[in-house]
Structures are given as C-alpha cells and as structure tokens.
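Each remark here refers to the structure printed beneath this line.
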Amino acid sequence: MQTEKQNLTTPKRILITGCSSGFGLLTAVGAANRGHDVIATMRNLNKSQPLQDALKAENVSARIEQLDVTDPDSIRQLVEKVGPVDILVNNAGILITGSFLDQTDEEMRRVFETNYFGIVNLTKAFTPGMIKRKSGRIINIASLAGLIGHPFNAAYAASKHALVGFTKSIRVELMPFGIDVISIEPGYHRTEIIGINANQSENFYNRRSPMFEWNRGFLRTMFDEIIPRAGTAQDAADLILRVMTLEAPKSHYLIGKDARFATMLQWLGLGGWLEKKMYREIRRARRLENKREAEKKARRKQKKIQSP
Ligand SMILES: NC(=O)c1ccc[n+]([C@@H]2O[C@H](COP(=O)([O-])OP(=O)(O)OC[C@H]3O[C@@H](n4cnc5c(N)ncnc54)[C@H](OP(=O)(O)O)[C@@H]3O)[C@@H](O)[C@H]2O)c1
C-alpha cells in the first residue's frame, strides 16, 4: 500500500504552470493551503485576479510569476528569477477543436508548442537543479486523449500522446537522480478549456469542407453528452495535490469515470467498440443538427411568405 503524507513539516517549493484558471488555479491554492511554497505561473498576469481572490478567500499566499511555456526567453527569465524547485507541475495546455482536415498547420503546431514542446523545454530548464540536489518530482498533466484517440481533436490527442511518451521515457532517465516523473491523465472535467478557453479551428464552420457537418455534430456531442458528464476541476486538483505528497507515487494516474471506462475497454481489447460508439454518437448529433437547421430554414421561409 502506498502511504500518503500531507507533510506540513517539510514544505516543498512547487512551481505550477497555467494558474489563471482550472486545475492550475485550484492546485496552486490547495498547495498553498497545505503550507507549501508555491510559485504560481501564468502567461498573462492580467488574468491573475481569480487566483488572487481564491488565495485571499483561503487566507494563504503564493508567489505569482509570468510564464509563457512557448517562449524560451520567458522560461529562461523565470529560472533565473526563482531558482531550483522541488516539484514541477506541467499543467498549461490548450485545445483547438475541429477535424484534422480543417485545422491549419499553424493551429496544429500551436497545440504542439504548448502541450508538448513547452513542457519539454520547461522540464529541461528545471531538471538540472533537481539533479544537483538528487531529488525532485515532475508531474505532467496529460489527458485521456494521450491514451486513446480523440476525434475532432487530433492535434490535441497527438500532443498528449507525445507527452505521455516523453514522460515514460524520462522517468527512467531520471531514476538515478531520485527524481519521480508522473503523468496524470484526466478525462473530461469542467474547466475553461471547454469554456472560455475552448478554441475552434478557423475553418471549423467552412461549409465547403467535407467535415463541416461532422465538426458541428462533434460540438453537439460535446454539449449533449460530454460536458454534462464531466467531472469537477476540484477532483482533478485534489489528485494532483495528493500525487505531490505520495511517498511512492505510481507512474501514472487516471481520473474521471470516462477515463476509467475507456481504458478498461482498451485493456479488455474493446477499443474498436469504443471507437464505433463515439462514431455513432457523433453521427446521431450530426443528424440532429441538420434537422434543426432545416427546421430553422423552413421557419424563416414561412415568416417571409407571411410578412406583407
Ligand atoms: N479540463 C479537462 O477536461 C482536461 C482533461 C484532460 C486534460 N486536461 C489538461 O489539463 C491541463 C489544465 O487545463 P484546464 O482543464 O485546467 O483548462 P484551463 O482552465 O483552460 O487552463 C489552462 C491553463 O493553461 C494556460 N496556458 C495556455 N497556454 C499557455 C502558455 N503558452 N503558457 C502558459 N500557460 C498557458 C492557460 O492560460 P490562459 O488563461 O492565458 O489561456 C490556463 O491557465 C491542460 O494541460 C489540459 O490539456 C484538461
């Protein structure tokens, strides 16, 4: 059995990325609450008010610093400013929805720059300090989409698969130095990534694309099936906080009913069944959206006929 130590007598220096909202914000507040020395980073300091309010509400404090994980200068300046840390939580991430056919090269690369290269570069910057002290912990927030396909989010899934591969590989490389590398794979949870931070590819509504109706179908599936069943951001933050203090953490953690269900099916060799289920749901939603649009058109036509 793993032993859990919420050890307040040995507070850790913890650096977390993407703390303007979601998991990052809640993890920063939770870690500060547990007595840790928290460096909460975000790419845009103008967005720090929600974090400041949440810290104030709990009567705790954290150091807030600017960090854009895609900007090497920003990473260098941060490392110079804050020095070594005990725990690095690579949390920042973005999602751009839309069929791979409609995503631009720039959009796909932007997803990789943030979700993969940003993490690689930040990890490279903070690992030498951990190696020197022969201890440290790196917690990478991957995704269920790093373990299975995520239709209409192919670049996101590919970037998270890359992140899972990176995490598994460097875990072994860093073993001689007493550094734990852990990946957390959440299913859907209600945060800004599916709220105000939700991005659609610029060609998402291109009616000339063979994927136009399917993009719309996927979005309808998100609203009807996925978001209502999503977990809470606090559930995920609680897991990240727990992993920070576990004496002997596992190599990876799943969180969310959808994540457990999907990986269990894969384990049983039923991945194909799951893919067909996803396809059927999106097809159904696409039909529904088409029907809705046809009804809207008919109503508009009727109004035109009736108006003098
Ligand atoms: N919520 C889910 O369902 C879910 C599921 C699986 C995995 N995840 C992963 O969990 C992590 C946290 O996401 P969340 O759900 O908490 O969403 P969120 O509320 O949108 O938070 C994402 C954070 O990442 C930041 N960010 C984006 N690009 C950045 C960059 N270049 N440099 C620094 N920060 C950047 C955002 O900052 P801005 O405010 O400036 O945009 C925001 O603070 C992500 O890696 C995401 O992929 C989430």
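Here is how the numbers come out for the structure above:
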| item | result |
| --- | --- |
| Options ASN44, MET211, SER21, ranked by Cα towards positive dipole end of the chain, top entry (Cβ charges) | MET211 |
| Stretchable slack from ARG207 to ASN59, in nm (0.36 nm times residue separation minus alpha-carbon distance) | 48.1 nm |
| Nonlocal amide H pairs with HIS252, under 5 Å, H built at 1.01 Å | SER183 |
| Cα long-axis angle, helix 118-133 against the chain (0 to 90 degrees, to the nearest 10) | 10 |
| Nearest-0.05 FRET efficiency for ASP224 and ASN46, computed from C-beta distance (R0 25 Å) | 0.15 |
| Residues whose placed amide H lies under 5 Å from that of THR97, excluding near-sequence neighbours | ASN199, GLN200, SER201 |
| Crossing angle, helix 212-221 versus the chain [Cα axis fit, 0-90 degrees, rounded to tens] | 60 |
| Between 0 and 90°, nearest 10: helix 154-173 axis offset from the chain longest Cα axis | 20 |
| Derived scalar couplings ³J(HN,Hα) [region 190-195; Karplus, 6.51 cos²θ - 1.76 cosθ + 1.60; whole Hz; x for Gly, Pro] | 6, 9, 5, 5, 10, x |
| Tensor-based shape of region 13-306 (alpha-carbon gyration tensor, a/c under 1.5 rounded, otherwise prolate or oblate) | prolate |
| Residues listed by number, region 201-243, amide nitrogen under 19 Å from ARG287 label point at 7 Å toward C-beta | 212-226 |
| Karplus 3J(HN,Hα) series, Hz, for region 99-106 with 6.51 cos²θ - 1.76 cosθ + 1.60 (x for Gly, Pro) | 3, 4, 5, 9, 7, 7, 4, 4 |
| Computed [θ] at 222 nm, helices only, for the chain once each DSSP H run of length n ≥ 4 contributes -39500 (n - 2.57) | -15500 deg cm²/dmol |
| Neighbour-limited loop hits for trypsin sites (Lys or Arg not before Pro), region 188-264 (at most 13 other Cβ within 10 Å; DSSP other than H, G, I, E, B) | ARG207, ARG208, LYS250 |
| Cβ-based exposure ranking for SER143, SER169, SER48, in which fewest neighbours within 10 Å come first | SER169, SER48, SER143 |
| Cα-based shape type of region 228-300, given that a ≥ b ≥ c are square roots of the gyration tensor eigenvalues and the cut on a/c is 1.5 | oblate |
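Readers should treat all values here as calculations from the given coordinates under stated rules, not as data from a laboratory. Note that the structure is predicted; figures quoted are calculated from it, not measured. Here Cβ is always computed from backbone atoms with ideal geometry, including for glycine, and neighbour counts include all displayed protein chains.
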